[in-house]
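Asker: Dumping the structure here so I can ask a few things about it.
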Amino acid sequence: MIPQPHYLISRQGHRSCETKPPRGLPRTAEAEACDDKTVPPADIRSDLKALTDEFFQAVSFESGQRPTYARIRDLFIDDGKLIATSSAVPEISSVEVFIASRQSLADSGGLTSFEEVETAEITEVFGNIAHRFSTYEKRGTMHREAIEGSGVISTQFIRTPSGWKMSSMAWDDERLGLAIPDRYK
């Protein structure tokens, strides 16, 4: 069994590689190279950042504009999930349900502007899977009242034949009793 490299990419863009051979076997030249032989880690990082940025752009819109929620379909695998965990019971949605509920809120005039941005991130990649912990800030106008907040999103990605896609995204908002740790800022 040849060990596969595990890349840890920090917020500053530095890559460290962890490869450990199975107990009792020496490290191989392949493991020493710390290269997955298909996509360089810098390219993986830019692909994951692009997907994340596209998601934030799709959910963000200014007053008088229409959100582009439909773009989210292209970012996720067919059975992708979006999970809001800020209440006592998680709200688990398929991509279609997520888009429909947000579009309905915007179409009814309940949500007239919204902006969400990534302020920090930690990304890990192992072979054909990746995880991005994103700290975010959001602001907007809902039911004629200003809303704002921040929190953390956990996004899982998989590499498909057509490139990287999101498989699931779960988030929780910062609130009284739940502060974002410094390591995520």
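The values are calculated or read from the model by the stated rules, or taken from the named source; none is laboratory data. All of these numbers come straight from a predicted model, not from anything done at the bench. Cβ atoms come from the backbone with ideal geometry, glycine included; neighbour counts cover every protein chain shown. The protein model used for the area step is the full one, side chains on, heavy atoms only, and it has no ligands, DNA or RNA in it. Shrake-Rupley method; radii C 1.70, N 1.55, O 1.52, S 1.80 Å.
Asker: Just name the residue that is farthest from G80 (Cα to Cα) out of those in region 160-184 that are surrounded by 15 or more Cβ atoms within 10 Å (Cβ to Cβ) and of a type in the set (S, T, Y).
Answerer: For region 160-184, the residue satisfying everything is Y184.
Asker: To continue, here is another question. What tally of residues in region 110-142 results from selecting those that are within 10 Å of the chain's Cα centre (by Cα), farther than 19 Å from K165 by Cα and among the acidic types (D, E)?
Answerer: 0
Asker: When you go through A130, A120, A106 one by one, which is the residue that is farther than 28 Å from P41 by Cα and out of contact with any Cys (no Cβ under 7 Å at 6 or more places or on another chain)?
Answerer: None of the other options fit; the residue is A106.
Asker: A further question on this structure: Kindly establish whether F157 is assigned to a helix (DSSP H, G or I), touching a residue at least 24 places away in the same chain (Cβ under 8 Å), aromatic (F, W, Y) and surrounded by 15 or more Cβ atoms within 10 Å (Cβ to Cβ).
Answerer: No, not satisfied.
Asker: Right, something else. Which condition from (1) under 18 Å from the mean Cα position of the chain (by Cα); (2) of a type in the set (G, A, S); (3) open to solvent by 50 Å² or more (accessible area, probe 1.4 Å) is the one that A146 breaks?
Answerer: (1)
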